[in-house]
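The values are calculated or read from the model by the stated rules, or taken from the named source; none is laboratory data. Please read these numbers as outputs of a predicted model, since none were measured by experiment. Every residue, glycine as well, gets a Cβ built from its backbone with ideal geometry; the counts of neighbours run over all protein chains shown.
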Amino acid sequence: MATRKVLIATLGHVDHGKTSLLDKIRKSAVMAGEAGGITQAIGVSIIPLDTVKKICGKLLDVFGNKLTVPGFLAIDTPGHAAFTSLRKRGGSLADIAILVVDINEGFKPQTIESIEILRANKVPFVVAANKIDLIHHWKYDPSRFLLDNVSSFDYELQGKFEEKMYALVGKFGEMGLQAERFDRVSDYTTQLAIVPVSAHTGQGIPELLMVLTGLAQKYLEAKLQIEEEGYARGTILEVKEEKGLGVTVNTIVYNGHLKAGDTIVIGGLDGAITTKIRALLEPCDLNDMRDKKSAFKNVKEVFAATGVKICAPGLEKAVAGMPLRSCGAQADLVAECCSEVQKEIGEIITDDVSEHGAMLKADTIGGLEALRMLLKEKGIPVAYASIGEITRRDLSTLEALRDKDEFTGVLLGFNLKLATEIEELAQLKKLKLFVHDVIYKTIDEYDVYVSSLKKEIELRELTKIVRPCKFFLMKGLTFRQNNPAISGVEIEVGKLRSGDPIMNKDGRHLTKVKSMKDGEDNVNVADQGRQLALAMDEVTIGRQVEEGDYLYTDIPEDDYKKLKDLRKHLTKLEVEVLKEIADIKRKDNPVWGAS
């Protein structure tokens, strides 16, 4: 067994400085006299421990001579959704992440998305509060570490800095996360560490690397144990066509080792892809020249953890985020590897439509997995999940799911373009599609829909039951004493509907609403404050009822129980009348409506 480097992913809102931060770390290594100390594999900056020591200097003295982490691999693949391709069975490929936030701009849509994805994948992370150099009057002294530099500021500048820091702390608090400046963190298992940095000047980078080293040393050591000599396990980071090479795959190898000539198996949408490695390619040191063939060098083998470009035939159907396994020269392992990678994909892609649940669509397997994980947290079942654009066939499937369950019979899409004809057909069929390129917006929009649908269904239920209503017979407005009795009434509280049963203040059932009229117009529902003529069978005004009497809707016991659950849709006065009706009923039956 060997200890591999810590795999770090950077996330955050566009233009908040993810790539600039990694660029500065590379330049810091050069300035520290470690030219070549950081090398560039495919989409990965390899940062050895000696380089970390040079950059951090005496900050690492707190660890004594007990530094065992061999260094870091910082993944810097472009694109805000890149993290979703960093996956292996059981979750994220990244051991730890750096969430980059502009300290001056604060939270933005992709900041929130990044946090949601990190939480769903259960990836620990550190916050790099970038662009401190843009705080007005900020002064950078390269001879001082961050905290010493801040201590040298005047009271006003320190106040501005603290104000921006605690604005971030507050934002994390709103998302249910405890955060604190790194030197004030009392428990790294419950609090996020915020490290103020400047990707422009390099200030804070030693502190950031120190915090990452400490977290890795304390919490990740067991996870970093790998079989360095075993068959490679990896993940496809990017599929690219290179001039003169054809379709290649940029791969992160996180376990074992990979050699030119090895047989590899890659998970595929239409079955596993089996091929033989023609060449393993790495960029030249300190270069990230993925578009220039001349910048690559052939290597015979690579060891975990690292990034490498694989050149092999038959990679046209490869997809980012798919698992990769090496079989070496063992042909008898191919079937086992094929079964393993396809089983892993089957945990994310669901081709056989279940009878109940939501439909998921995304542009990559990582995006699909992120959606699945967020829905799992909410306890929402998934009926179907696949990669690619939304089709007419998807809408037909969705229609059947919707008919079975309005709540889950929806389509959630991530990072897809919605064709106009598909959008129009969905509207025609009244199907719900929630598609965004920011994943939390997809989920938030679905949550709003669910809340709205619940309210709509509850209001529908209210139309089927007798609502609380209190009204009185107006004096001097008896138009007919009986057969039917017709009187002018005023609705004091609630709604009165045709067909509603009526009782008196003693709880005795009298009759029901036969009809209502406002002038010459028939009325089906009379709202609070309305005056109109009410017709009632089975009563005579002057006998069972008198002018000036207050009457109530005679709510059936089952309806009362439902109304207790739906009371949030009643007005405060309606709730009071509901209680009044229950008190009247309980004079004869003390447990009426109690169960």
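Worth pointing out:
- Some residue of segment 582-593 being of a type in the set (A, V, I, L, M) and free of Cβ contacts under 8 Å to residues at least 40 places away in the same chain: yes
- E355 being surrounded by fewer than 20 Cβ atoms within 10 Å (Cβ to Cβ) and part of a loop (DSSP other than H, G, I, E, B): yes
- Among the residues of segment 499-510, the one identified as under 13 Å from L534 (Cα atoms) and surrounded by fewer than 16 Cβ atoms within 10 Å (Cβ to Cβ) is G499.
- Selection from segment 125-162 of residues that are closer than 24 Å to G202 by Cβ and among the acidic types (D, E): D133, D141, D148, D154, E162
- Scan of segment 110-145 for residues that are surrounded by fewer than 24 Cβ atoms within 10 Å (Cβ to Cβ), touching a helix residue (DSSP H, G or I) at 6+ places or on another chain (Cβ under 7 Å) and assigned to a helix (DSSP H, G or I), ordered by number: I112, E116, A120
- Within segment 250-261, considering residues that are surrounded by 17 or more Cβ atoms within 10 Å (Cβ to Cβ) and touching a Leu at 6+ places or on another chain (Cβ under 9 Å), the one farthest from R4 (Cα to Cα): A260
- For first residues located in segment 409-426 and among the acidic types (D, E), partners that are at pLDDT 95 or above and lie 6+ apart or on another chain with Cβ distances below 6 Å do not occur.
- So S152, is it without any contact (Cβ under 8 Å) to a residue 24 or more places away in the chain, polar (S, T, N, Q) and either in the same structural domain as H16 (by TED's automatic domain parsing) or surrounded by 14 or more Cβ atoms within 10 Å (Cβ to Cβ) (or both): yes
- Residues located in segment 448-498, provided they are basic (K, R) and under 30 Å from I541 (Cα atoms): K464, R467, K470, K475, R480, K495, R497
- Counting the residues of segment 298-318 that are more than 26 Å from R4 (Cα to Cα), of a type in the set (A, V, I, L, M) and under 29 Å from the mean Cα position of the chain (by Cα) gives 1.
- Flag for T84 being surrounded by fewer than 23 Cβ atoms within 10 Å (Cβ to Cβ) and either in contact with a Ser or Thr (Cβ under 9 Å, 6 or more places away or on another chain) or modelled with pLDDT of 85 or more (or both): no
- With respect to (1) modelled with pLDDT of 80 or more; (2) in a loop (DSSP other than H, G, I, E, B); (3) surrounded by fewer than 20 Cβ atoms within 10 Å (Cβ to Cβ); (4) of a type in the set (G, A, S), the lone exception for A94 is condition (3).
- Residues in segment 511-544 that are touching a residue at least 24 places away in the same chain (Cβ under 8 Å) and acidic (D, E) were compared, and the one that is surrounded by the most Cβ atoms within 10 Å (Cβ to Cβ) is E538.
- Y231 in contact (Cβ under 8 Å) with a residue 24 or more places away in the chain, of a type in the set (F, W, Y), out of contact with any Cys (no Cβ under 6 Å at 6 or more places or on another chain) and farther than 30 Å from W138 by Cα: yes
- Residues in segment 190-241 that are in a strand (DSSP E or B) and of a type in the set (K, R) were compared, and the one that is surrounded by the most Cβ atoms within 10 Å (Cβ to Cβ) is R233.
- Taking each residue of segment 442-468 that is under 30 Å from I112 (Cα atoms) and looking for partners that are assigned to a helix (DSSP H, G or I) and acidic (D, E) with beta-carbon atoms closer than 9 Å, six or more apart or interchain, yields I443/E116.
- Close contacts from segment 1-30, counting a first residue that is on the phi > 0 side of the Ramachandran plot and surrounded by 23 or more Cβ atoms within 10 Å (Cβ to Cβ) and a second that is at pLDDT below 80 and not acidic (D, E), with Cβ to Cβ under 6 Å and a gap of 6+ residues or different chains, come to G12/K18.
- Some residue of segment 392-410 being at pLDDT below 90 and in contact with a helix residue (DSSP H, G or I) (Cβ under 6 Å, 6 or more places away or on another chain): no
- Of the residues making up segment 278-330, those that are modelled with pLDDT under 90, part of a loop (DSSP other than H, G, I, E, B) and farther than 26 Å from A9 by Cβ number 2.
- Members of segment 316-352 found to be free of Cβ contacts under 8 Å to residues at least 60 places away in the same chain, among the aliphatic types (A, V, I, L, M) and surrounded by 14 or more Cβ atoms within 10 Å (Cβ to Cβ), listed by number: I348
- Yes/no for D102 being in the same structural domain as G176 (by TED's automatic domain parsing), surrounded by 18 or more Cβ atoms within 10 Å (Cβ to Cβ), in contact with a helix residue (DSSP H, G or I) (Cβ under 7 Å, 6 or more places away or on another chain) and modelled with pLDDT of 85 or more: no
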